[in-house]
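Below is one structure; the comments refer to it alone.
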Amino acid sequence: MGCYIFLVEIIIVALIFNSTSGKIAFKKLEKLKVDPKSVTVTGFSSGGAQAMQFHLAHSSRLIGAGIFSGVPYLYGFGRKREDFFVNDIERFNTTEAIQATETYSIVGAIDPVEYLKNSRVYVYHGNKDSTVEPGSGVAIEDIYKHFSPNMLCNINVLEGEHGMPTDNYGGPCGRLNLANYMVNNCKYNGVYEMYNHLYGGNLTQPIQGSVGTVPLKGEFYQFDQSEFYVGGTPHSMDKVGFVYIPSDCEKKTCRLSFVFHGCLQNRQYFGDKFPRTTGYLEVAELNDIIQVYPQTARSRGNPRNPSGCWDWMGFTGEDYRKLSYVKILYSLLLPSLVSSLNFAIPNYVIFFI
């Protein structure tokens, strides 16, 4: 009964808030000056799982990953269905996940794990999370500790429910806040702490608060994701994504970060509320971080993905956990942003999740 009420509330909230914040420009993803040694990946919930998959697959080309309320690599293997809840983390064997990661590395299914030694990793998980058990954060930490010594973790410290933590926006920290787009006011700027760690410290912090305190002088626009599709729109992918270009990045070389929304946070449900209410844009503007927000699409067919989740359990096929699943986001989107002709990227031509 509780799950039914939860799903009804989601539908109502989505209907109320399924709009963007004013008119947003739509155009082709433009080529900009990006430092190829500054690329990070981050995400929340299923987007956190996607960030970890992305990072392990492409560790040679990423300097770090920031994971909020995510699911550990390979936890969902074999489920073959969309699911909100992670409530049996005790069954997950981190030793087996580490061994599988090493095997994938040896056979070339993901990048060599040696690259992870130089990566920075940030992990957040609230201790009241009823959607993805806090033990998931511990499991993520355990896997990464085996490969990467440079970690910053905030696990089971804040009285946080399932949501992105900010220091000035959202509902109560210990409550599931669907009406606030799953953003929690925990008096903690999670996005700043994450990026500050990934980029080695000394980033400029929005001192007035996480959200709405920094003039966003850059350009926020929708780009055509379908430009990268071959053979039609792929599984559970929208034709539109978001990108934010900080004001100084039109004339200088900037950092780049891929940002993955969680289930129910895509454009179809909440418009552009995920980037606009979580504090990502403010930190980006102050610190010259170009942000790309790929967007999923809900699907009621095959595969069934009504919540627009990223695939962390294999409903799009067994390759979800390997380089062949996540390589496309990197290999197609990044060259479109990087203007340097000598920045080598594999020439893959399929885009799907």
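For this structure, a couple of remarks:
- Considering only T213, Y188, I245, the residue lying farthest towards the positive end of the dipole of the stretch 171-257 is Y188, judged by Cα position with unit charges set on Cβ.
- Protein accessible area in the stretch 235-288, 1.4 Å probe - carbon and sulfur %: 41
- Aspartates and glutamates whose Cα lies under 18 Å from that of K37, excluding same-chain neighbours fewer than 8 positions away: D111, E114, D288
- N202 versus K28: modelled label distance in nm, points set 7 Å from Cα along the beta carbon direction: 3.8
- Estimated vicinal HN-Hα couplings, Hz - the stretch 39-53 in sequence order (Karplus 6.51, -1.76, 1.60; Gly, Pro = x): 7, 10, 9, 8, x, 10, 6, 5, x, x, 5, 5, 4, 5, 4
- Residue separation of M151 and N118 scaled by 0.36 nm, minus their Cα-Cα distance, works out to 10.8 nm of gained length.
- Segment S130-R304, extension gain: residue separation times 0.36 nm, minus the distance between their alpha carbons: 60.3 nm
- Total charge dipole magnitude, the stretch 164-252, about the Cα centre, Cβ charges on Lys, Arg, Asp, Glu only, Debye to nearest 20: 240
- Measuring between alpha carbons in the structure, the pairs from K217/K252; K117/K273; K251/K273; K145/K252; K187/K239; K27/K251 lying more than 24 angstrom apart are K117/K273; K251/K273; K145/K252; K187/K239.
- Evaluating kT/(6 pi eta Rh) at 4 °C and 1.567 mPa s, with the Kirkwood radius of the stretch 102-178 over Cα pairs in the Stokes-Einstein relation, gives 92 µm² s⁻¹.
- Heavy-atom accessible area per residue - the stretch 78-168, 1.4 Å, Å²: 45
- As a calculated quantity, the FRET efficiency between D88 and S226 at R0 = 35 Å, using C-beta atoms, amounts to about 0.40.
- The stretch 42-132, accessible surface, carbon-and-sulfur percent (1.4 angstrom probe): 47
The values are calculated or read from the model by the stated rules, or taken from the named source; none is laboratory data. Because the structure is predicted, anything quoted here is derived from the model rather than measured. All Cβ positions, even for glycine, are placed from backbone atoms using ideal geometry, and neighbour counts span all protein chains on display. In case anyone asks, the SASA skips ligands and DNA or RNA and just uses the protein heavy atoms, side chains included. Shrake-Rupley method; radii C 1.70, N 1.55, O 1.52, S 1.80 Å.
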